[in-house]
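For reference, the structure is listed below as C-alpha cells.
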Ligand code: 3HC
C-alpha cells in the first residue's frame with residue numbers, strides 16, 4: 001500500500017505532504033507517514049527545516065473518526081504531535097481549507113503556522129461529544145489566550161485565519177495560491193532561529209472569574225451536554241498546572257467522554273447526517289436537473305422563509321401571491337429578516353441587497369413559466385392543492401420540478417392532478433423555514449429518480465439536512481409526533497398536569513414539552529372549522545380563546561414577556577373533563593410519562609421503517625434532531641431506543657397496552673439494534 005504521505009526537498013527544507021482524500025483525516029497511515037518524515041528530517045544534516053502541508057481541499061480536518069472504538073494503531077496522535085513539537089528542526093504548518101480537531105492540534109504542535117486568509121482553524125470535537133485529545137486544550141490557551149481557547153474548544157466553531165492571525169495562533173498569512181512557496185520561504189527564514197517556539201513551554205494565564213463567567217453566559221447552550229464542561233475544565237487546568245499534568249488530565253477526560261453514551265450519540269449523528277443525503281436505489285452519479293430559478297407560491301411565513309433559503313444561496317426566486325397587500329407584507333418581512341441578520345453582523349448590507357434584488361414578486365402564476373423548480377406553500381387543503389397543481393401543469397415548462405410543501409397530505413394524490421407525476425415531489429420545510437435545518441423530501445410513487453436526486457442535492461446547496469420520506473400521513477416527523485401528543489392528552493385525563501409532562505420532556509432534553517409546543521403552535525389549530533364543538537380539553541380551551549401564546553393564554557397563562565405560569569383555569573377545565581368522562585385517576589410518575597410518550601414514538605419509528613417510509617433508522621434520528629430539537633446527546637429516538645435497550649422499550653409498550661411493531665419486537669428478541 002502506498003503511503004498517503006510523501007516527502008520532497010526544496011534545498012534544505014523538507015516538504016511533507018499528505019494526500020488522504022476527502023478531508024485528509026489523520027488516519028493511521030497518515031500518522032505513520034508523518035512520524036517517518038520527522039525521523040527523515042532529524043536524520044539528515046542537509047535538512048534545516050520542515051513544512052507540513054496537505055494536498056486536496058483541506059489541511060487535516062481531524063482525527064479519523066471512523067477509527068474511534070477500534071483497536072488503536074501507533075503512533076497515536078498525542079505521541080505524534082509531541083514528536084513534531086520536540087523536533088530540533090523548526091516545523092512550519094502550511095494551512096489551507098480547514099485545520100480542524102486533530103488537524104488543528106498538529107498545527108499548534110508545529111513551531112510556526114502560515115495560512116491562507118480563506119483557511120479556518122477550529123476544534124469541533126465538542127460537537128462530537130469530545131475534547132481535543134492531543135494536547136489541544138493545553139496548547140491552545142498557551143498560544144491564543146484563555147478566552148479565545150475557551151470559545152473554540154467549548155463551542156467548537158472554527159475561526160477564520162485572519163482572526164487566528166490577530167490572536168497569535170497563526171504567525172503569518174500567505175497569498176491564496178502561493179501557500180506552499182511562502183511556507184518554504186518562511187521555513188528557510190526561521191531555520192536557524194533558536195530557541196524554537198514551543199506552545200507547551202508557554203504559560204496560560206487567566207483573569208480571575210473568567211471560567212465561571214463563561215459557564216454562566218453559556219449555561220443554556222450547554223444544558224444537558226457533558227463535553228462543554230469537560231473542555232472548560234481542561235482549559236482551566238492549563239492555567240493551574242504544568243503542561244505535563246494538564247495533558248494527563250486532558251487524556252483522562254478525553255477517554256471518559258469517548259467511552260460515554262453522549263459522544264457515541266453525537267458521532268452517530270455526524271455520520272447519520274451525511275448518510276441521509278444518500279438514496280439507496282439511485283446511483284450517486286445520476287444526471288441532475290439544472291435549477292437556475294425557483295418559483296414559490298405563497299408569501300406567508302412559510303413561503304417567505306422558503307424563498308430566503310434560495311436567495312441566500314444565490315438562486316433567484318419568483319414569489320407569487322394572490323393579493324398585492326399580502327405580497328408586499330411577505331416581501332417586507334423577508335427584507336426585515338435579512339436586515340436583522342445584517343444588524344447582528346451575520347451578513348453584509350450588500351448581501352441583503354443582492355438577495356432581495358434576486359427576488360421577483362408577482363401576482364401572476366403565469367410568471368412561473370421560466371422556473372426550474374416550483375414550490376407550493378399555500379393553505380393545507382387537498383382540494384386547493386390539487387387545483388393549483390392542475391394550473392401549474394399548464395404553466396410550468398417541460399422538465400420543471402413541481403414540489404408541495406405539505407406537512408401531511410398525500411403527495412401521490414397531488415401528483416395525480418397533473419399530467420407529469422414523475423416531476424412531482426414533496427419538500428416539507430420546517431418553520432421558520434429560513435432557520436430550521438431539516439427538509440423532508442417526500443418521494444411519491446411516481447417521482448422520477450433524477451427529480452428526487454436533484455432535490456436532495458439542492459437541499460445541501462441551501463444548507464439543509466435533507467431526508468427522504470415515503471408517502472404516509474405526516475411523513476416521518478409529524479407522524480411520530482402524533483402518538484406522543486395523543487398520549488400526553490390521555491395522561492392529563494388520568495391525573496397528570498401539563499407542567500409535569502412538559503417538565504419531564506424538558507429534563508429529557510427537548511426544547512419544550514407537548515403542551516408548551518401546543519401553546520406555541522396554536523391550541524386553536526383545527527378548531528375554527530366547528531367552534532361550537534367542545535369534545536376535548538383542547539376544544540374547551542379554544543372556546544375560551546385560550547389559543548396559546550398568541551392570546552397570552554393556552555395550557556399556561558402568559559405575561560407580556562410570554563413567561564408561562566400554571567393556569568388554575570386550565571386545571572379546572574381538566575378536572576371537569578375527568579369527571580364528565582369518569583376517567584379513573586392514578587398517580588402518574590415521571591417514568592410513566594417517558595414510557596407512554598417517548599416509547600410510542602420509537603414504536604411509530606419502527607412502523608415507518610417496517611413500511612419502508614424511511615430508508616434507515618438513522619434518517620429518523622436526523623429528522624428528530626434537526627426538525628424538533630431532540631437532544632443531540634441522545635442521538636435521536638431510534639439511537640436512544642438502542643441505548644435504552646429494545647427489550648425494555650417493548651416491555652414498557654406492552655405494559656401500557658400498546659400494539660408493538662413487528663420489527664421492533666423482532667429486533668428486541670434477537671438482541672439487535674436499530675443503528
Ligand atoms: N474522519 C473521518 N471521515 C471524515 C472526517 C473525519 N474527521 N471528516 C469528514 N469525514 C468524511 C465524511 O464522513 C464524508 O464522508 P462520505 O463522503 O463518505 O459521506 C466526507 O469525509 C466528506 O465530508 P463532508 O461531507 O462533511 O464534506 P464537507 O466538505 O461538507 O465538510 C469538513 C468538510 C468541514 C471537514 C467536515 O467534514 C467536518 O466538519 N468534519 C469533521 C471535523 C471534525 O469533527 N474533526 C474533529 C475530529 S475528532 C478529533 O480530531 C479528536 C482529536 O482531538 C484527538
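The values are calculated or read from the model by the stated rules, or taken from the named source; none is laboratory data. Keep in mind it's a predicted model, so treat the numbers as computed, not measured. Don't worry about glycine lacking a Cβ; one is built from the backbone with ideal geometry, like all the others, and counts go over all protein chains shown.
Tabulated data
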| item | result |
| --- | --- |
| Members of segment 557-577 that are touching a helix residue (DSSP H, G or I) at 6+ places or on another chain (Cβ under 6 Å) and touching a residue at least 40 places away in the same chain (Cβ under 8 Å) | 566, 574, 577 |
| Candidates 156, 133, 129 - the one that is under 21 Å from residue 34 (Cβ atoms), within 16 Å of the ligand (Cβ to nearest atom) and either crowded, with 21+ Cβ neighbours inside 10 Å or assigned by TED's automatic domain parsing to the domain that holds residue 220 (or both) | 133 |
| Single unsatisfied condition, residue 101 versus (1) crowded, with 23+ Cβ neighbours inside 10 Å; (2) over 18 Å from residue 38 (Cβ atoms); (3) away from the ligand (no atom under 12 Å from the Cβ) | (3) |
| Test: residue in segment 518-539 that is surrounded by fewer than 19 Cβ atoms within 10 Å (Cβ to Cβ) and under 16 Å from residue 628 (Cβ atoms) | yes |
| Condition broken by residue 212, with the remaining ones in (1) touching a residue at least 12 places away in the same chain (Cβ under 8 Å); (2) surrounded by fewer than 21 Cβ atoms within 10 Å (Cβ to Cβ); (3) part of a helix (DSSP H, G or I) satisfied | (1) |
| Among (1) touching a strand residue (DSSP E or B) at 6+ places or on another chain (Cβ under 8 Å); (2) surrounded by fewer than 23 Cβ atoms within 10 Å (Cβ to Cβ), the one test that residue 112 misses | (2) |
| Qualifying residue in segment 440-456 (condition: surrounded by 21 or more Cβ atoms within 10 Å (Cβ to Cβ) and under 20 Å from residue 300 (Cβ atoms)) | yes |
| Residue in segment 645-672 that is nearest to the chain's Cα centre (by Cα), counting only those that are exposed (fewer than 15 other Cβ atoms within 10 Å of the Cβ) and assigned to a loop (DSSP other than H, G, I, E, B) | 645 |
| Residue satisfying all of: in segment 70-89; free of Cβ contacts under 8 Å to residues at least 12 places away in the same chain and within 14 Å of the ligand (Cβ to nearest atom); farthest from residue 261 (Cα to Cα) among these | 79 |
| All positions within segment 312-341 that are in a loop (DSSP other than H, G, I, E, B), without any contact (Cβ under 8 Å) to a residue 60 or more places away in the chain and under 12 Å from residue 359 (Cα atoms) | 314, 316 |
| Unique match (being more than 21 Å from the chain's Cα centre (by Cα), within 18 Å of residue 471 (Cβ to Cβ) and either touching a residue at least 60 places away in the same chain (Cβ under 8 Å) or assigned to a loop (DSSP other than H, G, I, E, B) (or both)) among 620, 608 | 608 |
| Out of 149, 191, 206, 187, sole residue that is assigned by TED's automatic domain parsing to the domain that holds residue 110 and farther than 26 Å from residue 79 by Cα | 206 |
| Identity of the residue in segment 7-31, part of a strand (DSSP E or B) and surrounded by 17 or more Cβ atoms within 10 Å (Cβ to Cβ), that ends up nearest to the ligand (Cβ to nearest atom) | 26 |
| Complete set of residues in segment 263-311 that are more than 16 Å from the ligand (Cβ to nearest atom) and assigned to a loop (DSSP other than H, G, I, E, B) | 281, 286, 287, 288, 289, 290, 291, 292, 293, 298, 299, 300 |
| Which listed residue, of 372, 423, 412, 393, is under 17 Å from residue 311 (Cα atoms) and over 27 Å from the mean Cα position of the chain (by Cα) | 372 |
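Listed here are the residues, each with its yes/no results for (1) within 16 Å of the ligand (Cβ to nearest atom); (2) in contact with a helix residue (DSSP H, G or I) (Cβ under 7 Å, 6 or more places away or on another chain).
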{"site": "38", "(1), (2)": "no, yes"}
{"site": "47", "(1), (2)": "no, yes"}
{"site": "64", "(1), (2)": "yes, no"}
{"site": "119", "(1), (2)": "yes, yes"}
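Yes/no per residue for (1) touching a strand residue (DSSP E or B) at 6+ places or on another chain (Cβ under 9 Å); (2) outside any helix (DSSP H, G or I); (3) not assigned by TED's automatic domain parsing to the domain that holds residue 572:
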position	(1), (2), (3)
515	yes, no, no
520	yes, no, no
529	no, yes, no
538	no, no, no
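So that you can scan it fast, the table gives a plain yes or no per residue for (1) in contact (Cβ under 8 Å) with a residue 60 or more places away in the chain; (2) surrounded by 16 or more Cβ atoms within 10 Å (Cβ to Cβ):
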position: 230; (1), (2): yes, yes
position: 236; (1), (2): no, yes
position: 259; (1), (2): no, no
position: 266; (1), (2): yes, yes
position: 279; (1), (2): yes, yes
